[in-house]
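Heads up: the structure comes next, in structure tokens.
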There are 2 protein chains.
Amino acid sequence: MNDSYLNFVNSPLGARVARSLRWPLPEVLRRYRADTPEFDGIVAVGAGPSPQLLDALADVIAHIGMTSVAHAGASAWVPLANRHGLMTGRFEPADPAAHSQAGSQARVRALVFDASGIEDSAQLDTLYAFFHDALRSLDKCGRIVVLGRPPEACASPRQWTAQRALEGVTRSLGKEARRGITSNLIYVADGAKSGAKSGATSSAGNSNDAGIPSGIESTLRFFLSPRSAYVSGQVVRIGTAPSALGDDFDWTQPLAGQRAVVTGAARGIGAAIAHVLAAQGAHVTGIDVPAATDALDATMRQISGTALPFDIAAPETPAQIAAALDELGVDVFVHNAGITKDKTIAKMSEPAWRNVIDINLSAQERIDDALLEAGTLRDGGRIVCVSSIGGIAGNLGQTNYAASKAGVIGRVQSMAPHLAKRRITINAVAPGFIETQMTAKMPLAIREAGRRMNSMSQGGQPVDVAQTIAWLAHPGSAGITGQVVRVCGQSLIGA
Amino acid sequence: MNDSYLNFVNSPLGARVARSLRWPLPEVLRRYRADTPEFDGIVAVGAGPSPQLLDALADVIAHIGMTSVAHAGASAWVPLANRHGLMTGRFEPADPAAHSQAGSQARVRALVFDASGIEDSAQLDTLYAFFHDALRSLDKCGRIVVLGRPPEACASPRQWTAQRALEGVTRSLGKEARRGITSNLIYVADGAKSGAKSGATSSAGNSNDAGIPSGIESTLRFFLSPRSAYVSGQVVRIGTAPSALGDDFDWTQPLAGQRAVVTGAARGIGAAIAHVLAAQGAHVTGIDVPAATDALDATMRQISGTALPFDIAAPETPAQIAAALDELGVDVFVHNAGITKDKTIAKMSEPAWRNVIDINLSAQERIDDALLEAGTLRDGGRIVCVSSIGGIAGNLGQTNYAASKAGVIGRVQSMAPHLAKRRITINAVAPGFIETQMTAKMPLAIREAGRRMNSMSQGGQPVDVAQTIAWLAHPGSAGITGQVVRVCGQSLIGA
């Protein structure tokens, strides 16, 4: 759990040693803290031709209280930002000649580019112009967000092609920005419905609601926030399912009044998920095996939660969970519990195969079936499953684990359309190398490779997974379903 | 172009040194040679419950003349293989205790598992049983092929989930098999139409044609053949578009009588593509920039092809290509030409951005538009584009290149439905680290990382890309469109 190299290179001596030896230089990532403002500083705005999402963006930036500057290519921004009552100015590129003193210049916290109007590959040069000018001005632990349209919904092959090309830009930017900077791409469906204002009939300072996709608010907040410290190189699609949050929605307690369940909640990532959901206002019920009852009780006491000492793999458990939760129902169910039993397949025992598949995959299926049949999971609810990079890329010695975690991706993709009619979303997070008791036991060389082979040059923390789950569980994230989001610091590893 | 480490560890002394130091041990890959039988040896067949593709599989194995053995879990195989006139027997697992003398036991060339009937995650244990028993018996440079159903077409979420889980198994097997073994997953749509027999009214020794998807033949051949030496960890979908090949189809000259065009054909991967397509019977027209005319002429002379010294990026070129090809038309168009101009975006010049996007992406769009509008590309034709792992994962210093290659993926996905009504397929290959003049110029450390960070522990050869393109260009590959196949030895790198 202790990355001593990260500590070393962030000491004055260590930084000098690492620089002279050209070792990787991981930043201490800026993470969300309740005692520090979540949003501050400047966002630089860029845009391609005919940008369609600037109004929604201005809305969110006004809500979160950031200042903005407009790149020369985003001339539409200034009058629009003024309408939203935003402090705004012009972006001045850092002087390339003064590169070494860049620290003394005005730094920006985030670069946001609206690429929604790009219809042809030749127009991609607007991204070049913006990031060429602006990337050097981005502060460490800064944020890059590119907004586009879902390629598969584009009218013409050329538009689809150009929108699909954004992935290559965004992922490359993440790999070259380093310094704890994240880079993500959000495809916003045309007509994605509004967030905080959809229930309201009017709201001062905002232009017409018709067709304005401010359903991007929970997602834009997440990707601009320190909460997404270890989420980079991701592509998220926001669909048109409406999020009716109301004007008085409390963004500091988005899960207030909701009931959440987390499996495997006694320790590690599960405990972190329970803590974050509770901090956002949810009542949390933690489930873990009876052998972990003491740890589960302790975790639940810390967050005034409820402990349910159930083995999720036991045949009677789904009905027991449904019965235990039935009266009050569930809004958010997080399938986090999982095990590994690693061996090459020739040496693997049959129980090692069966247990991993059953606990990591089949048990989730049985529990969801029981909760959905009993109506325990409320309409408009959220299911979040924990997959893994191993489920995406496969892994040596993990045929069983990779099968189970690839199956989780299948679960999310297959259940999403079925659950849409009840307005329930189902998504997965796929953690990369996360600092836990499990990874602390790895051989040094494998652990170090896992830690450094990503754009952050370090492992993530359990809280990074938990914050990502909380974003997917957010009432404003109704437009996100059937998706897999990696929490991996943009790991090199993939498929 | 010369991997001296590969040569070293395959010498008697080098093998001892590498083994004692636990260095990677890349095999010299078995590649297709015209003077060696393409298919020989034993294929071991496994199956889950209610396998639906064994009949089609038996058909192909009978055609290519391999011997088969059936795992205990594939009891349906023996009578079925007998009906197809196949030599067959029972698979006997290698004795685990005799592991070190495994070389003296009967080795198999390929493991094929029919998972098409798996409907629930609990049934995945049939894969465990087969690969647990059989993986050790697989010869070096052997083949693993798993056959399933496209998850997104499955009736129930549980079936979808279980079929999606196959990806995790197949990719993990590739990572642990090593020894030059490839592992790939083929999702066969229910009703994928027959290959060699679709035009025929009857064929001796085969059971009913109705619903038998032997449109898998070109694909099964490719993945069982040494032609796919560097293709591993891939997932391919075969749709229902019929391939009417006729009973007398000559599998040794699949492109006989066809006209193919290859851009960037003077040298490197382009020249290799031209050679392979010509060897399979096509007349090849090679296009390259006027500055490369001598090299282009030399390459085309070797294969009795035609040289067209055009700069694909010039505005007049699309019309010129269409005019030059118009009389005889084109069956196969390979968009291979591409350039790199690497710099971090802050240091990149605007021309470096524009040129890369224009040559690698926009020029392809303009050429296809011209050929399709003029009707030069014949109905039932094939377009194959060269993308890159950089287009999938992004890369440091390659915002322009990654954008162009991600855009190529968008092209393939967006054009496929448009072209389907003319029975034209469009697909992409995404090379990983291929030994070329370009990679020979890389700094040693980067080159060595690129070479070793894949399941083959070595770079691929241009011919590996060319063979993959030839498979996609095959008249029997009508059911494959809109897809991206990596030629990367199952590189660790991805997204």
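Structure above, values below:
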read-out	value
Cα centre as origin, Lys/Arg/Asp/Glu Cβ charges: the protein assembly as shown dipole, Debye	2340 debye
Shielding score for B:110-121, defined as the mean number of other chain Cβ atoms within 10 Å	1
Relative contact order, percent, chain A [alpha-carbon distance under 8 Å, six or more residues apart]	14 percent
Positive-pole candidate from B:191, B:70, B:51, dipole of the protein assembly as shown, charges at beta carbon	B:70
Under 13 Å, Cβ to Cβ, from residue A:309 - net charge with Lys/Arg +1 and Asp/Glu -1	-4
The protein assembly as shown, accessible surface, carbon-and-sulfur percent (1.4 angstrom probe)	54 percent
For the pair B and A, total buried accessible area rounded to nearest 100 Å², probe 1.4 Å	5600 Å²
Among A:306, A:285, A:394 - extreme Cα towards positive end, dipole of the stretch A:259-487, charges at beta-carbon	A:394
Per-copy distances of the residue B:19 label point, shortest first, in nm (7 angstrom along Cα→Cβ)	4.8
Cα gyration tensor shape for the protein assembly as shown, rounded if a/c is under 1.5, else prolate or oblate	oblate
For chain A, accessible area per residue (1.4 Å probe, heavy atoms of protein chains only), Å²	36 Å²
Binned Cα-Cα distance frequencies in chain A - 20 Å width, integer %	23, 56, 20, 0
Between helix B:268-279 and chain B: long-axis angle, C-alpha atoms, 0 to 90°, nearest 10	60 degrees
Degrees, to the nearest 10: A:157-177 long Cα axis against longest axis of chain A	80 degrees
At 7 Å out from Cα toward Cβ: residue A:252 inter-copy label distances (nm, ascending)	8.0
Rounded to the nearest 20 debye, dipole of chain A from Cβ charges on Lys, Arg, Asp, Glu	1380 debye
For chain A, share of DSSP beta bridges that run antiparallel, in % to the nearest 5	0 percent
Helix A:399-420 axis, angle to chain A major axis (alpha carbon atoms, nearest 10°)	70 degrees
Mean-position separation - Cα centroids, the stretch B:215-240 and the stretch B:303-353, in angstrom	28 Å
Average beta-carbon neighbours from other chains, 10 Å sphere, peptide A:353-363	3
Rounded to the nearest 20 debye, dipole of the stretch B:309-385 from Cβ charges on Lys, Arg, Asp, Glu	480 debye
Label 7 Å beyond Cα on the Cβ vector: residue B:107 copy-to-copy distances, nm	5.7
Per-residue HN-Hα couplings for the stretch B:138-154 [Karplus 6.51, -1.76, 1.60; θ = phi - 60°; Hz; x = Gly/Pro]	7, 5, 4, 6, x, 10, 10, 10, 10, 9, x, 10, x, x, 5, 9, 6
Backbone HN-Hα couplings from phi across the stretch A:354-361 [Karplus 6.51/-1.76/1.60, Hz, Gly and Pro as x]	4, 4, 5, 4, 5, 6, 7, 10
Residues of the stretch B:124-149 with amide N under 19 Å of the 7 Å Cα→Cβ point at residue A:355	B:124-126, B:128-129, B:132
The stretch B:259-487 shape via C-alpha gyration tensor axes, a/c threshold 1.5	rounded
Shape category assigned to the stretch A:283-335 from the gyration tensor of Cα positions, a/c cut at 1.5	oblate
Across B:341/B:421; A:347/A:405; A:140/B:175, pairs whose alpha-carbon gap is larger than 30 Å	B:341/B:421; A:140/B:175
The protein assembly as shown: antiparallel DSSP beta bridges as a percent of all, rounded to 5	5 percent
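The values are calculated or read from the model by the stated rules, or taken from the named source; none is laboratory data. Please read these numbers as outputs of a predicted model, since none were measured by experiment. Ideal geometry is used to build each Cβ from the backbone, glycine not excepted, and the neighbour counts take in all protein chains shown. Surface accessibility is based on the protein's heavy atoms, side chains included, excluding ligands, DNA and RNA. Shrake-Rupley method; radii C 1.70, N 1.55, O 1.52, S 1.80 Å.
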